[in-house]
Amino acid sequence: MNKPSLATLPQTGLAGLKENWRGDLQSGFLVFLIALPLCLGVSIASGFPPSAGIISAIIGGLLVSRISGSYLTINGPAAGLIVVILAAVQALGEGDAMAGYRYTLAAIVVAGII
């Protein structure tokens, strides 16, 4: 079997971003379009507003695909998290869905920073 030469592999890091930005942007946009209906469904089923699904599709499809540093990256929503997020919204909000939404977002941001 032929082994791929190093010249055929995409570059990584900043050089890879400069070299492949057009293809990365196009593939990220396609992932965004494909994941958008599922993101909307997950956000609504979790008790979040539909705008949260749109934002998660934008972040997962457009932003993460640009900064991930992988040769092949597909990011999208996980339907298994519906139960976890819905429980967090209800538990943290103690009956107030909007407060639960805000507290859950804050917990997600803090966990992401950590």
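The values are calculated or read from the model by the stated rules, or taken from the named source; none is laboratory data. Just so it is clear, the structure is predicted and the values come from calculations on it, not from any experiment. Positions of Cβ are generated from backbone atoms using ideal geometry, with glycine treated the same way; all protein chains shown enter the neighbour counts.
Worth a mention:
- Options Ser27, Ser51; residue that is modelled with pLDDT of 80 or more and either assigned to a helix (DSSP H, G or I) or surrounded by 12 or more Cβ atoms within 10 Å (Cβ to Cβ) (or both): Ser51
- Test: Gly60 is under 17 Å from Gly112 (Cβ atoms), at pLDDT below 80 and either within 12 Å of the chain's Cα centre (by Cα) or surrounded by 15 or more Cβ atoms within 10 Å (Cβ to Cβ) (or both): yes
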